[in-house]
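Input: a single structure, listed below in structure tokens.
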Amino acid sequence: MVFGNCILKQRNFQVTLQRQKNLQLTKPVMAPMANAVFWVKPNADFIYVNDAACSLVGYSREELLSMSMHDINPDFSPEVWSNHWKTIKKQGSLYFEFLHWTREGQSFPVAITLIYIECDRREYGCILIRNISKCKQTSTALHTTNQVLESRVQELLAELSHANEQLCREKALRQQTETELEKSPSLLQATLDSTADGVVAISCKGDIVSFNQKFVQMWQIPDSIIVSRNHNECLAFYKNQLKDTETFCRRIQELNNQLDVESYDTLELKDGRVFERYCQPLRCGEQIIGTVWTFREITKHKQAEKEIRFALEQEKQLAQHRAQFVSMVSHEFRTPLNIISFSTSSLKRYYHHLSEEKKLRYLQRLETAVEQLSQLMDEVLMLGKAEVGKLKFEPEPLNLIQFCHDILAQLNLSQSHHHAVTFVSRGDCRTVCVDKKLLQPILTNLLSNAIKYSPVDSTVDVVLSCQDKKVIFQIKDRGIGIPKAEQQRLFEPFYRAENVGDIPGNGLGLALVKKLVDLHNGQITVASEVGVGTTFTITLPIIKQPIR
């Protein structure tokens, strides 16, 4: 009987030695962690703390091991701690933030994660505390930046802010690689598997010592490599998924030559994902026994940054375009205003000395300048509304044949020209849903240009066709034509071809026409030859019912 008791005691002693050995193996992994780690009993008494915990609260390890959470933080009263313990025991974990006061009276915001772990039929609590002052400052700076940006990037910035908050929460859950385990490697593995990052620990010999399931999922590591635990096979598997394999191999070689170096880089995969990789030495006391790699997917974060940069660049281009547009408008207004100023000044000064013919000439100049100003103002206002989306597309049933006849009649009344304008219609165009207020300036501008840039007594053809669920307008002239090299810039505001000479114009008409055609979801094309003529073709989709 005594012999049996001795055997039993010897077995218990061996189990105790094995637990202590396992505990010593887990401590080197947890020692270099930056987060404060506290292990507590169910009554909140400390049973283990790391160096970061001592630094955070300002007590030595010996002092802390004789204390409890009630002693270092009055907010953790026995009643509060009891409620927290019930919660983490039910949920598995609990996360919250609050203002921490140090022993010296200084305060800073911290994030706390409470984790419930049961091992060998015993209950433990793991408390992770992290200083989030920089995160708070970053959130404040981001909020200030959001207020400056215009409405078109607000949603993107809100998404980025949300992503940053998610990153802060994810960092708080990095228990596997930052938690110093106390009882056994099984607890370490349980913590590693609960983190949002992929983690793998590699020995100096190149063997995989430990990893978590997130690492396997991120890289889709096959079972054969997991079973072999050969890191060289893992590296070969990585390289097949990366876009830039040469840079990756060079960095791996540098790390193999300098085990005590910490490194950070980003990895872009062929499938479009982006990983953040952090490498740091794995130490056992003062000795380096391997390397720990941490992987985090930042694909959405990078995409949000890319979209914000694109939106800012678009906003910058828009601002430059607006400044250029205002400058050009000011220049175009100045010419007719100078004519008006000169003509009125001359009439006022020399009215009694001028013949009736000269007076009439000055008055005609005034009338022409006023008409130019009025037309320019109308085109600028309509183009400005189209630019900011205030010009709405409101189609209604319209007899296009009668509409074209009315435009030609108005053109003949408003302009004194010596040109023949022919009109031909094909198909049933009597009732088509279009926006009359947008279509009228389209045809008026194209017809005015055809007449203006055509020689006297020449013919301008207008052809209307309705077929295959679309309506087509063609305006053809026998005028000066447009150089082929300049046809691509015709629809830019204030752009005029070099061969227009002294023919008056401001270069806004075709830019406005393009905007109005786009509002119809239509297309405009041009075919032109210098000295032969120009044909503009407008194609608009036919809408069966008006859009309400």
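What to note about this one:
- Cross-link table 392/515; 171/302; 270/300; 437/476; 316/484; 171/239, entries beyond 19 Å C-alpha to C-alpha: 437/476; 316/484; 171/239
- Relative contact order for region 70-151, counting Cα pairs under 8 Å that sit 6 or more residues apart, in percent: 18 percent
- Charged side chains reduced to their Cβ positions (Lys and Arg at +1, Asp and Glu at -1) give region 396-541 a dipole of some 220 debye around its Cα centre.
- Amide H contacts under 5 Å for residue 458: 420, restricted to partners 5 or more places along the chain or on a different chain, H placed in the peptide plane at 1.01 Å from N.
- ³J(HN,Hα) computed for each position of region 204-216 - Karplus, 6.51 cos²θ - 1.76 cosθ + 1.60, integer Hz, glycine/proline x: 5, 7, x, 8, 7, 7, 7, 7, 10, 5, 5, 4, 5
- The charge dipole of region 242-298, taken about its Cα centre with unit charges on the Cβ of Lys, Arg, Asp and Glu (plus for the first two, minus for the last two), comes to roughly 140 debye.
- Within a straight-line Cα-Cα reach of under 20 Å, residue 436 can be paired with the following aspartates and glutamates, leaving aside sequence neighbours fewer than 8 residues apart in one chain: 378, 379, 387, 394, 396, 406, 428, 518.
- Environment charge at residue 131 (Cβ cut-off 13 Å; Lys +1, Arg +1, Asp -1, Glu -1): +3
We did not get these values from a lab; they are worked out from the coordinates using the rules stated. This structure is a prediction, so every number in the text was calculated from the model and none was measured. Ideal geometry is used to build each Cβ from the backbone, glycine not excepted, and the neighbour counts take in all protein chains shown.
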